[in-house]
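Okay, structure first, notes after.
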Amino acid sequence: MRRATVLGLLAVLAGLAGAAPARGSRIDAGHASARPPWVSDAAVRRARAYARRRAGRVSFAVAEPGARLRGRAVTRDYPSASVVKAMLLVAVLRAHRHEALPGYERALLGPMIRYSDNAAASAVYASVGGGGLRGVARAAGMRRFADVGDWPGTRITAADQARLFLRLDAVVPPRHRRHARGLLAGIVREQRWGIAAVADRRGLRIRFKGGWRSTLAHQVARVERNGRFVALAVLTDGDPTTVYGEATIRGIAERLLRPRPRVRAAALKRRRAPCLSWRTLPPTGLPGRSPCPDQPAHQDPAGTPEGERGGEPEHGAGEPAGDAAEQQRGGGHGEQDRADEGGQDGAGQEIGMATRELVEGEAHGELWLNGLLRGEGSWSDRLDSMVAQRAAADQRRPVGTR
């Protein structure tokens, strides 16, 4: 009885193991990833909503290693146009899997992929035929590919094209992978629209192929970043113009591909224009508030921040501080009081007053600090100049006044 029970359990487990691959909801590209998908479900929903608003027929598919294939109308078939040239490339390379690529075929593949040359594509199709394309379709796991006897009319779906570009390295023979990568990454600038434009702008590596006619625009791509990759296929038909179809592809790609992390504006500003602390300035006659939000106020010799001393109201950023405000209100004794309280000598008084006037009179030192950052002199040069100007002004004043 116990033996029968064990055998029954083993049979159940074997059945479950055999049934797991039949789910078909996940794509194997050589290895699985435990990380969350690069393209989130929310991004796919945004792309679907955008596609519904566009004229004509729009399908797209997103394929990632170990994740289920997602998209919109992924099994709807379209005429391939020049997108099938990527399959023609793979067919030629697979035909020479154990040998170097002949020179005449190498000469055809470059123009066919990089410039989308139709004459080169026709020559390659004559060489590999429909059988070569069907072999690529089987190797890539395509399900609805159909050859119709001429390469521009080949029937394709977004799901099948995404599967191909996800497994691109696996279906290309190892000795020819570098050549294939170079061709698909080296599409000329004039044809780098749609997904390619988004990837280039966001610093992503991309291998892709596009196709277009008067009312049709397709693009299929493999996008890579930091060791991760995703395959995208966007097919459109019934577009008002080709440019409209290209814009549709770009709009879908923008919603699917996450932008690169951006540096916060405040952090970028601090990096470009470092905030100088009061600790870098002369210690005499300094205001109590630091120009750097993340640095403490200057402290007096007793260790109490000036902004926290009793009886001194806190002033705003645009209002002159302390005794300078008294001067503007007509007090007339602010500078002398500072000199008496600080016990400073004449040179110290002048430097302290010059520093305070410089900092407060130029929007809390912003103009001066900007000048320093541009290399326009040092703080000591500026203070020496102001001390000299103050001395000259004192000599011109009538005796007994200040």
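General observations
- Test: residue in the stretch 34-56 that is modelled with pLDDT of 60 or more, closer than 26 Å to residue 147 by Cα and not hydrophobic (A, V, I, L, M, F, W, C): yes
- When 82, 127 are screened for being part of a helix (DSSP H, G or I), hydroxyl-bearing (Ser, Thr, Tyr), touching a residue at least 60 places away in the same chain (Cβ under 8 Å) and closer than 19 Å to residue 149 by Cα, only 82 passes.
- Checking 141, 56 one by one, the residue that is assigned by TED's automatic domain parsing to the domain that holds residue 164, more than 19 Å from residue 164 (Cα to Cα) and surrounded by fewer than 23 Cβ atoms within 10 Å (Cβ to Cβ) is 56 and no other.
- The stretch 200-229, residues that are within 14 Å of residue 259 (Cα to Cα) and surrounded by 23 or more Cβ atoms within 10 Å (Cβ to Cβ): 223
- Residue 80 being buried (at least 22 other Cβ atoms within 10 Å of the Cβ) and of a type in the set (S, T, N, Q): yes
- Close pairs from the stretch 93-112: first polar (S, T, N, Q) and outside any helix (DSSP H, G or I), partner surrounded by 15 or more Cβ atoms within 10 Å (Cβ to Cβ) and modelled with pLDDT of 95 or more, Cβ under 9 Å, at least 6 apart: none
- Residues (touching a Gly at 6+ places or on another chain (Cβ under 8 Å) and closer than 13 Å to residue 61 by Cβ) located in the stretch 114-159: 158, 159
- Inside the stretch 93-121, residues that are surrounded by fewer than 16 Cβ atoms within 10 Å (Cβ to Cβ) and either within 14 Å of residue 150 (Cα to Cα) or of a type in the set (Val, Ile, Thr) (or both) make up a count of 2.
- Tallying residues that are within 17 Å of residue 60 (Cβ to Cβ) and either in contact with a helix residue (DSSP H, G or I) (Cβ under 6 Å, 6 or more places away or on another chain) or not assigned by TED's automatic domain parsing to the domain that holds residue 113 (or both) within the stretch 198-209 yields 4.
- Criterion (in contact with a Phe, Trp or Tyr (Cβ under 8 Å, 6 or more places away or on another chain) and of a type outside the set (Phe, Trp, Tyr)) met by exactly one of 183, 168, 133, 164: 133
The values are calculated or read from the model by the stated rules, or taken from the named source; none is laboratory data. Note that the structure is a prediction, hence the values are computed from the model and not measured. When we count neighbours, we look across all protein chains shown, and the Cβ atoms used for this are built from the backbone with ideal geometry, even at glycine.
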